[in-house]
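Just so you know, all these numbers are worked out from the coordinates, no wet-lab data involved. Being a predicted model, the structure only gives us computed values, none of them experimental. Heads up, the Cβs are rebuilt from the backbone with ideal geometry, glycines too, and the neighbour counts pull from every protein chain shown.
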């Protein structure tokens, strides 16, 4: 089975810095892989995976300094997935970036596999931490960012949060800490899809105004369309240029983006019947 | 009256602050702005000094506190190594995650707060970000069990049970100030998560007091190795247990051996089983609930080995306590020398 739309994963050390035209293809390939991975189980985090494809493409394939051959390279940029359930997309991105063998994707959610539905560090050093208990990623990221300052080893820490996760009080403890400590090497990418288990976030707890909250905690806030690759690249660059504050990129995303049968449907753990998956793959087509 | 407008002004107003972080009988007045020196002069900070000494040798040690820097004696570390110190504020859940992140970056992180907040308050964070990844984090909790007047919110009667239940976690409780340096050293030398449960000294040790050794994972045999009865005590109950044994021998001619279970996990099953073959009664004493702590650990070992020896567990009997002096609380819960001696005497009929 050809698990990658691209024939050879990228294995270069350091930032890939792919241009937008290439990142579009990456996002497309990631979406195809998400459908394939979730299709096997018939249910899973397909909506989040499709929705965050551009976030992952811009982070792993443009901005982050990574060495696939040496996942614990001391100066690597840390990438943390606090929303550990977005695992189909995460594992697809690791495979495409050359951080895990593409064949491993065949084991996704199989009993005994290290590719679990909530990403765990059982997969090895390519995973920076085990989350899934929501609200914890930003604290660990802040610890890593503080460690860089203490040790003098220069790197950035990126952490992907979900909007539903903002309901956890610990996120705000960490936001206050990172703001107080002026951890300018820390960057949150908020995957703002307005979706949580019980539906629209507004129907559970009111999150708005999100940007104002982070501003009040002393953060550099950048709001953008999470599918706009140009805007994402500029935001990452701005985050790197920030010298006194941590940055949050508030990226509005559409669940199920890119597949007409799924786009805009709010479903945290969505059913993906084979016929829907097949239609999705047909719609996504092969990379030209 | 003017409203203070700066933190300096606020500090200057704090002319007399009672320190409620110790036993209850102990309150001391401190002059502004030395909130950092909460105890009266002359009480050495055995923990703070031990950590400070260790950090001089090992540059990879970092320390965190949750707005309890002086009450956890971490101000010594902070003032000596300011770049390696982080105050996380009153936010223990975040502090545990930050410590996990520091440990994942190659540092040995020492986190400080009261026992209740280190365990109950941040249990999931400790489990997922410290225990699961085997992070080299030392969780240092102060105010164990009934050692504080601050009441039920500050009394950690279940922390040992909680920490014991976590895979990868080591649990150490020194018997008193003389064993704190060895406990700190043992925690530092053990690579991985450690919960260190201790109480600050409220008075200086006598000048000729020897430092107590601590061999991780080994129960330490103390007084009178013979007799039909063995008391295994931990932490603040070691001293009353020894006094109880002395009283039983002197007043009733009953020989009672005493041991100090400073390592509650991993638990020294070999010692307990070897003792069980020689004794008619084993007594556990702990400044903690009898559910899940030293008494439970002992019962588990004895039962699984099919030992028929009788076991008496002394401690907090499945109830919450209240704010009162430590002396009063220990009397109330049968943890004084008299209480322990009476319970042992009754058990022997």
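In percent, what relative contact order does chain A have, based on Cα pairs under 8 Å that are 6 or more apart in sequence?
Rounded, it is 23 percent for chain A.
Which value does Rg/Rh take for segment A:130-288 over its C-alpha atoms, Rh per Kirkwood?
Answer for segment A:130-288: 1.02.
Taking the Cα centroid of segment A:157-207 and of segment A:222-258, what is the distance between the two, rounded to the nearest whole Å?
So the separation of the two Cα centres works out to 14 Å.
Among B:113, B:263, B:80, whose mean-square fluctuation peaks in a Gaussian network model of chain B (Cα, cutoff 10 Å)?
Residue with maximal mean-square fluctuation among B:113, B:263, B:80: B:80.
With bins 5 Å wide starting at 0, give me the P(r) of segment B:258-349 over every alpha carbon pair, in whole percents.
For segment B:258-349, the binned pair fractions read 3, 13, 24, 24, 20, 11, 5, 2, 0 percent.
Between A:38, A:254, A:204, which gets the highest mean-square fluctuation from a Gaussian network model of chain A, Cα cutoff 10 Å?
For chain A, modelled as a Gaussian network with Cα springs under 10 Å, the answer is A:204.
Can you pull the three principal axis extents for the Cα set of chain B, in Å, largest first?
On the principal axes, chain B reaches 67, 45, 39 Å in Cα extent.
Average partner chain C-beta neighbours within 10 Å, per residue of A:166-174?
Mean inter-chain Cβ contacts per residue within 10 Å come to 4.
Taking Cα atoms, how many degrees apart are the long axis of helix A:20-41 and the longest axis of chain A, rounded to 10 and kept between 0 and 90?
Helix A:20-41 sits at roughly 60 degrees to that axis.
Sticking to Cα atoms, compute the Rg of chain A to one decimal and its Dmax as the biggest Cα-Cα distance, whole number, in Å.
Over chain A's Cα set, Rg and Dmax evaluate to 17.5, 53 Å.
Just from the alpha-carbon atoms, what are the Rg and Dmax of segment B:46-198 in angstroms?
13.7, 39
Let me make sure I get this right: for segment B:194-349, a, b and c are the square roots of the gyration tensor eigenvalues over alpha carbons, sorted descending. Under 1.5 in a/c it's rounded, otherwise prolate if a/b > b/c, else oblate. Which is it?
In terms of gyration-tensor shape, rounded.
I need the fraction of alpha carbon pairs in segment A:227-288 separated by more than 18 Å, rounded to a whole percent.
56
On average, how much area does the Cα convex hull of segment B:168-246 cover when viewed from any direction, in nm²?
6.2
In whole Å, what is the distance between the alpha-carbon centres of segment A:58-135 and segment B:111-146?
Each part's Cα centre sits 27 Å from the other's.
Under the rule of -39500 (n - 2.57) per DSSP H run of 4 or more residues, summed and divided by the residues of chain B, what mean residue ellipticity at 222 nm is obtained, to the nearest 500 deg cm²/dmol?
Rounded to the nearest 500, it is -9500 deg cm²/dmol.
Please compute the volume of the convex hull spanned by the alpha-carbon atoms of segment A:1-150 and report it per residue in Å³.
With only Cα atoms used, segment A:1-150 gives 105 Å³ per residue.
What is the Cα coordinate range of segment B:57-97 on the first, second and third principal axes, sorted by size from largest, in whole angstrom?
Principal extents (Cα only, largest first): 29, 21, 13 Å.
Roughly how compact is segment A:29-117, stated as its Cα Rg over 2.2 N^0.38 Å to two decimals?
1.05
Calculate the radius of gyration of the Cα atoms of the protein assembly as shown to one decimal place, then report Dmax, the largest Cα-Cα distance, as a whole number, both in Å.
So, for the protein assembly as shown, Rg and Dmax equal 28.0, 94 Å respectively.
Between rounded, prolate and oblate, where does segment B:211-287 land on the alpha carbon gyration tensor, with a ≥ b ≥ c its root eigenvalues, rounded for a/c under 1.5, else prolate if a/b exceeds b/c?
Oblate shape, in that a/c is at least 1.5 and b/c is the bigger or equal ratio.
Alpha carbon centre of segment B:261-279 versus segment B:169-247: separation in Å?
15
Let me know the mean shielding of B:183-194 by other chains, meaning the per-residue number of their Cβ atoms within 10 Å of its Cβ.
Mean partner-chain Cβ count within 10 Å for B:183-194: 0.
Could you grab the relative contact order for segment B:154-209? Cα pairs under 8 Å, six or more apart, rounded to a whole percent.
Taking the mean separation of contacting Cα pairs over the length of segment B:154-209, I get 35 percent.
Kindly provide the pair-distance distribution of segment B:119-188 built from C-alpha pairs, with 5 Å bins from 0 and whole-percent values in order of increasing distance.
Bins of 5 Å from zero give 3, 15, 25, 23, 20, 12, 2, 0 percent of pairs.
Just tell me how shielded A:131-140 is by partners: mean number of partner chain Cβ atoms within 10 Å of each residue's Cβ, no decimals.
Mean number of neighbouring Cβ atoms from other chains: 6.
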